[in-house]
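These notes are about the structure you will find just below.
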Amino acid sequence: MSEEDQNQASQHQQDEGVKSEDANATINIKVVSSTGEEVFFKIKRSTKLSKLQGAYASKVGKDVGSIRFLYDGDRINDDDTPASLDMEDNDTIDVMVEQVGGSHSLP
């Protein structure tokens, strides 16, 4: 095998490795509210999920601070990305309304 053939073979292997974990690859994310309402987003694996949270809040007319986003039962942080959470295409994010208080008045 010539040196040129070897270079082409190694370049081909590198190209294949990039495709499987490409940070710029887009994935579809389903956001589901506690009432069962579903909203779909298509984002890059490298996009911060805070951007998706803001878009969802605008779409449903709520303040982003009044709702919480959960993935696999864990709260999503502003700087999390689909890649950092090992999300896959068509994964689901749950949305919960933030509850304030919970105390009762004394007699």
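The values are calculated or read from the model by the stated rules, or taken from the named source; none is laboratory data. Not measured: the values here are computed from a predicted model. With ideal geometry, Cβ positions are generated from the backbone for all residues, glycine too; neighbour counts draw on all protein chains shown.
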Check your understanding: Does the stretch 49-66 hold any residues that are touching an Asp or Glu at 6+ places or on another chain (Cβ under 6 Å) and surrounded by fewer than 18 Cβ atoms within 10 Å (Cβ to Cβ), and which are they?
Key -> SER50, SER66
Study note, to complete from the structure: Pairs returned, first residue in the stretch 71-94 that is under 14 Å from LYS48 (Cβ atoms) and in contact (Cβ under 8 Å) with a residue 40 or more places away in the chain, second residue that is aliphatic (A, V, I, L, M) and assigned to a loop (DSSP other than H, G, I, E, B), beta-carbon separation under 8 angstrom, 6 or more apart or interchain, are ALA83/ALA23; ILE93/ILE76
Check your understanding: Give me the pairs: first residue in the stretch 44-58 and closer than 13 Å to VAL95 by Cα, second residue at pLDDT below 95 and assigned to a helix (DSSP H, G or I), beta-carbon distance under 6 Å, and six or more apart or on different chains, which are they?
Key -> GLN53/VAL64; GLY54/VAL64; ALA57/VAL64
